[in-house]
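Notes follow the structure.
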Amino acid sequence: MIAPRRFLPSVSSLLALEAVDRLGTATAAAEELALTHSAVSRQLKALEEQIGVTLFRREGKGLALTQAGRDYAAATRDYLQDLARASLKIRAGGEKQSLNLATLPSFATHWLLPRLRDFAAAHPEITVNLSTRLSPFDFSREPFDAAIHFGLRDWQGVAYHELAREEMIPAALQGPVPPETLLRQPLLHLDSRPGAWEDWFARHGLEAERLRGMLFDQFGHMADAAALGLGVALLPRMLAEAEFARGRLKPAADHYTPVEGAYWLVWPQGRALSPALARFRAFLG
């Protein structure tokens, strides 16, 4: 249900409030919005009367937002950004069905995007919009139909469809060395994969505890650091093969090692699949 009209100010007045808060003066806001100073003042006055709270005060010849005005401007900025994003998605998709997908950066680049080309050819009526999310989130608070998740089935409240398993390999500037040698080298870590190196060493019969080294939030940045000689990166096969083909890195072990966990397509449990998501899931197999 939409809120009563008295709680829904005009977009013009919200734009004026946001601009004054961000730019600091009504004069600067008027220049950005291509309005007169008095027009901005009228927008703010109308907004203030509609809300029933003092949003600004006069200081000399200028206007200054009250704390309530600044708080409301911050909330307004989020609303305006959401409205702009929704408008962009509608304009970009036109009459097509839209599928909004949260994905992991490296998986999107090396696994998903090559398949999206074939999906787009098979389903020209569907537009897939991609955004990056590195960890689970609340679907009720985010504008996504589905997401790509790596790990176990540990995302609460979602349905799962397995896409791919994972294999890892150390990558560095030098070629293969014994695992014991890697223990003595700087190791690069991914913050969303705690214990990844410890698990890799355990699978090679070595105990490794309290390993330290640089921490990254994306595999791509970690690969860049390894290419600069800052340490050894433990990379998934899809990214490692691309790096080896480019010649930036070499395998620092003689084989890939399977790890626990998988890549999953997930969506809110209990929510009916949209036709676009149903076709997408079926296409990915």
Residue under evaluation Ala121, criteria (1) in a helix (DSSP H, G or I); (2) of a type in the set (A, V, I, L, M); (3) under 30 Å from Val232 (Cα atoms), criterion not met: (3)
Test for Pro194: is it touching a strand residue (DSSP E or B) at 6+ places or on another chain (Cβ under 8 Å) and either within 30 Å of Asp145 (Cα to Cα) or surrounded by fewer than 16 Cβ atoms within 10 Å (Cβ to Cβ) (or both): no
Residue count, segment 175-191 (criterion: over 27 Å from the mean Cα position of the chain (by Cα) and either surrounded by 14 or more Cβ atoms within 10 Å (Cβ to Cβ) or not in a loop (DSSP other than H, G, I, E, B) (or both)): 9
Segment 62-79: number of residues that are under 16 Å from Leu23 (Cα atoms), in a helix (DSSP H, G or I) and in contact with a helix residue (DSSP H, G or I) (Cβ under 8 Å, 6 or more places away or on another chain): 7
Any hit, segment 185-200, residues being over 17 Å from Pro236 (Cβ atoms) and touching a helix residue (DSSP H, G or I) at 6+ places or on another chain (Cβ under 8 Å): no
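Every residue in segment 270-285 that is among the basic types (Lys, Arg) and surrounded by fewer than 16 Cβ atoms within 10 Å (Cβ to Cβ), please. Walk me through it before giving the result.
So the first thing to find is which residues in segment 270-285 are among the basic types (Lys, Arg), and the list is 271, 279, 281.
The answer is Arg271, and nothing else.
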Residues within segment 78-114 that are modelled with pLDDT of 85 or more and over 15 Å from Asn129 (Cβ atoms), tallied: 8
Some residue of segment 203-216 being in contact with a Ser or Thr (Cβ under 9 Å, 6 or more places away or on another chain), assigned to a loop (DSSP other than H, G, I, E, B), under 22 Å from Arg133 (Cβ atoms) and of a type outside the set (Gly, Ala, Ser): no
Close pairs (7 angstrom Cβ cut-off, 6 or more residues apart or separate chains): not assigned by TED's automatic domain parsing to the domain that holds Tyr79 in segment 8-30, among the aliphatic types (A, V, I, L, M) and buried (at least 20 other Cβ atoms within 10 Å of the Cβ) anywhere: none
Close pairs (9 angstrom Cβ cut-off, 6 or more residues apart or separate chains): at positive phi and modelled with pLDDT of 95 or more in segment 231-243, among the small types (Gly, Ala, Ser) and outside any strand (DSSP E or B) anywhere: Gly231/Gly213; Gly231/Ala225
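Could you tell me which residue of segment 247-269 is farthest from the chain's Cα centre (by Cα), considering only residues that are outside any strand (DSSP E or B) and surrounded by fewer than 15 Cβ atoms within 10 Å (Cβ to Cβ)?
Within segment 247-269, the match that is farthest from the chain's Cα centre (by Cα) is Asp254.
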Residue in segment 137-146 that is at pLDDT 95 or above, assigned to a strand (DSSP E or B), under 30 Å from Glu207 (Cα atoms) and of a type in the set (A, V, I, L, M, F, W, C) present: no
Residues that are closer than 14 Å to Ala102 by Cα, without any contact (Cβ under 8 Å) to a residue 40 or more places away in the chain and out of contact with any strand residue (DSSP E or B) (no Cβ under 6 Å at 6 or more places or on another chain), drawn from segment 120-161: Thr132, Pro136, Phe137, Asp138, Arg141
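The values are calculated or read from the model by the stated rules, or taken from the named source; none is laboratory data. All of these numbers come straight from a predicted model, not from anything done at the bench. We place every Cβ from the backbone using ideal geometry, glycine too, and count neighbours over all the protein chains shown.
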